[in-house]
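Since every read-out is calculated from the coordinates, none of them should be taken as a lab result. Just so we're clear, the structure is a prediction, and the values are computed from it rather than from any experiment. So basically every Cβ, Gly included, is an ideal-geometry build from the backbone, and we count neighbours across all protein chains shown.
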Amino acid sequence: MKLHEYQTKQIFKNYRLNVPNSILITDAEQLGDALKAIGDRCVLKCQVHAGGRGKAGGVKLVTNSDEANEYVNTMLMSNLVTHQTDEAGVPITSILVEELTNIKTELYLAMTLDRNNQCPTILASKAGGMEIEEVAESNPEDIIYENINPSVGLQSFQIRNLITKLEIPKESFEEFTHLIKTVVKIFYDIDASLLEINPLVISDDKKVIALDGKVNIEDDAMFRHPDLLELRDRTQEDQLEAEATDLDIAYVNLTGNVGCLVNGAGLAMATLDVTNQAGASPANFLDVGGGADVEKVAKAVSIILSDPKVTKVLVNIFGGILRCDIAADGIVSAYERTGSKLPLVVRMLGTNVDEGQKILRNSGLNVTFAETLSEAASAISKLSG
């Protein structure tokens, strides 16, 4: 689950990290009071779950109330399109009104999981304010890595390495050390998969300030954080993905037109690959799970059928815990509920496969059966739509 900048900064404040004073507004009428508290010279920052918002016009420094009003009235309740969004962009439902900071130095700091080394790692760079992907591509030597051994935790020598390589001024040593230790603590406390401060700035008076903040929390750990779950902003999520999440269905919306219903994540990935190789384009990744019942299968298929991109459906079921007859009943139920007439290509193997195929044959649906995944992918590619 992703957090907004303002939510991330509230967590930082709770852990006694320095952040600029700011006020969140969700309505243009709230701007006047915010400017009275923050000042007419300020930074307006659209709160969206997408990187690259600065380049896309989602962050603006204003010098007076007229500029602020014009910007807020233009941006609030519009959509922001960045290189990380689709063509529709993401809705701007709130804007952070933030005080200006006198910046001496901009740095980059993040903590994430290094899956190759199987440990948390701190990433840092003197190229603050830039997207770290650009730095990694153009000047990879500018990125500093400090892997944290889970058995012993963050060590003092690692903080000293960061201080030295980032050229932290002596007057900021204490605050920087506090920040690094606190970032590690927050990362563990909230089960984050990513914590990013970009830029982390040192001000003219040598204060260490988190000028921006981004946090992603591991979805599988959300049951431990009901308080953080309340921070979820569904307006920033793909609505089909949000619906699937609520149903505990693994679903990712893609750009193609072939709806895919599969049980098992590995089988689902293989299905997407083979479908692509056959010249068709998957509209989604969907793993309905091994223990799904008729209702869960029906809801999964309904999600697929509600996607306007989908013109045909590929079903690849290996019956085990999820029996083929249960999958078939769920598919038929979804088609009856939605009234869809989209054609299906079905490949079924395993438990009760004969019963499952019989249910589909007698359903009146436009079904083509295939023995192998390759045959199914070839058949779905040849279907019109």
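Figures for the structure shown
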{"quantity": "Estimated translational D of the range 238-382 in µm²/s (Stokes, Kirkwood radius over Cα pairs; 4 °C; 1.567 mPa s)", "calculated": "90 µm²/s"}
{"quantity": "PHE369 versus TYR15: modelled label distance in nm, points set 7 Å from Cα along the beta carbon direction", "calculated": "5.7 nm"}
{"quantity": "Highest-fluctuation residue, LEU254, LEU211, LEU109 considered, GNM on the chain with Cα pairs under 10 Å", "calculated": "LEU254"}
{"quantity": "Chain lengthening between MET269 and LEU229 when straightened (0.36 nm per residue, less Cα-Cα)", "calculated": "11.5 nm"}
{"quantity": "Kirkwood Rh, Cα atoms: Rg over Rh of the chain", "calculated": "1.06"}
{"quantity": "Amide hydrogen neighbours beyond the local backbone of GLY319, cut-off 5 Å, H modeled", "calculated": "LEU349, GLY350, THR351"}
{"quantity": "Mean-position separation - Cα centroids, the range 72-99 and the range 2-47, in angstrom", "calculated": "15 Å"}
{"quantity": "Net charge contributed by nearby residues that have their C-beta within less than 15 Å of GLY54 (K/R +1, D/E -1)", "calculated": "-3"}
{"quantity": "Whole-percent pair-distance distribution, where bins are 10 Å wide, for the alpha carbons of the range 21-100", "calculated": "21, 54, 22, 3"}
{"quantity": "Pair ASN64, SER306: separation of 7 Å Cα→Cβ label points (nm)", "calculated": "4.9 nm"}
{"quantity": "Residues of the range 293-309 with amide N under 19 Å of the 7 Å Cα→Cβ point at GLU87", "calculated": "307-309"}
{"quantity": "Förster-model FRET efficiency, 25 Å R0, ASP238 and GLU174, C-beta, rounded to 0.05", "calculated": "0.05"}
{"quantity": "Kirkwood Rh (inverse of mean 1/r, distinct Cα pairs), the range 304-385, angstrom", "calculated": "12.8 Å"}
{"quantity": "Sparse-neighbour loop sites [trypsin sites (Lys or Arg not before Pro); the range 257-349; at most 11 other C-beta within 10 Å; DSSP]", "calculated": "LYS341"}
{"quantity": "Cα long-axis angle, helix 265-277 against the chain (0 to 90 degrees, to the nearest 10)", "calculated": "80 degrees"}
{"quantity": "Ranked list, fewest to most other Cβ atoms within 10 Å of each Cβ, for SER302, SER78, SER151", "calculated": "SER151, SER78, SER302"}
